[in-house]
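Since the structure comes first, as structure tokens, the remarks are kept for the end.
The values are calculated or read from the model by the stated rules, or taken from the named source; none is laboratory data. These numbers were taken from a predicted model, which means no experiment stands behind them. Positions of Cβ are backbone-derived with ideal geometry, glycine not excepted, and every protein chain shown enters the neighbour counts.
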Amino acid sequence: MADPRAAEAMALVQTHRALGAPTLLQALNEHVRLVAQQDRAVRIGEWTVKHLGEDRYMISVTMREQSSTKQWFERDYQWQADVGKKAVMAVSMPAESLMPIDESGRMPILPPVR
């Protein structure tokens, strides 16, 4: 990746905490493994990053999979990363379904301070 900030944004998203997995990247890879284990076809596309201005980037990946009835459908996972604030926010429903929920019932934008 030519833009080091874009690479940082991609890393922020892929290594962000996930619901049910240590990172978002691992959560998606585990989903692919589980679907394949059920003898259903599944394909995950290329991760892409688009500069939105200043420190903000849009990170996306599309997953195509077959349902149990062999119909194909797609899920578009999209996150906005703010490299300056080290923040990740889901901007699509599939992406939101992977994000952890804090004690207040909200999806945190920043990783917890330790």
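Output the residues belonging to segment 22-53 that are surrounded by 12 or more Cβ atoms within 10 Å (Cβ to Cβ), closer than 30 Å to Lys70 by Cα, of a type in the set (A, V, I, L, M, F, W, C) and out of contact with any Leu (no Cβ under 8 Å at 6 or more places or on another chain).
Result: Leu25, Val32, Val35, Ala36, Val42, Trp47.
State which residue pairs qualify: first residue in a helix (DSSP H, G or I) and inside segment 21-34, second residue surrounded by 15 or more Cβ atoms within 10 Å (Cβ to Cβ) and of a type in the set (Gly, Ala, Ser) in any location, beta carbons under 6 Å apart, and separation of 6 or more residues or different chains.
Once the first residue is in a helix (DSSP H, G or I) and sits in segment 21-34, its partners that are surrounded by 15 or more Cβ atoms within 10 Å (Cβ to Cβ) and of a type in the set (Gly, Ala, Ser) give Leu24/Ala18; Ala27/Ala18; Ala27/Ala21; Glu30/Ala21.
Going by what's in this entry, would Pro112 be described as at pLDDT below 85, surrounded by 15 or more Cβ atoms within 10 Å (Cβ to Cβ) and more than 15 Å from His31 (Cβ to Cβ)?
No.
Residue check: is Met58 assigned to a strand (DSSP E or B) and either over 12 Å from the mean Cα position of the chain (by Cα) or hydrophobic (A, V, I, L, M, F, W, C) (or both)?
yes
Determine if segment 35-51 includes at least one residue that is in contact with a Ser or Thr (Cβ under 8 Å, 6 or more places away or on another chain), among the aromatic types (Phe, Trp, Tyr) and free of Cβ contacts under 8 Å to residues at least 40 places away in the same chain.
yes
Name the single residue that is nearest to Leu98 (Cα to Cα) among those in segment 35-45 being small (Gly, Ala, Ser) and part of a loop (DSSP other than H, G, I, E, B).
Checking each candidate, the answer is Gly45.
Suppose the filter is under 12 Å from the mean Cα position of the chain (by Cα) and either crowded, with 16+ Cβ neighbours inside 10 Å or of a type outside the set (Ser, Thr, Tyr) (or both); does Leu19 pass it?
The answer is yes for Leu19.
What are the residues in segment 1-60 that are under 12 Å from Ala81 (Cα atoms), charged (D, E, K, R) and touching a Pro at 6+ places or on another chain (Cβ under 9 Å), if any?
Across segment 1-60, there are no qualifying residues.
With the checklist (1) in a helix (DSSP H, G or I); (2) modelled with pLDDT under 95; (3) surrounded by 13 or more Cβ atoms within 10 Å (Cβ to Cβ) in hand, flag the one item Leu98 doesn't pass.
The failed condition is (1).
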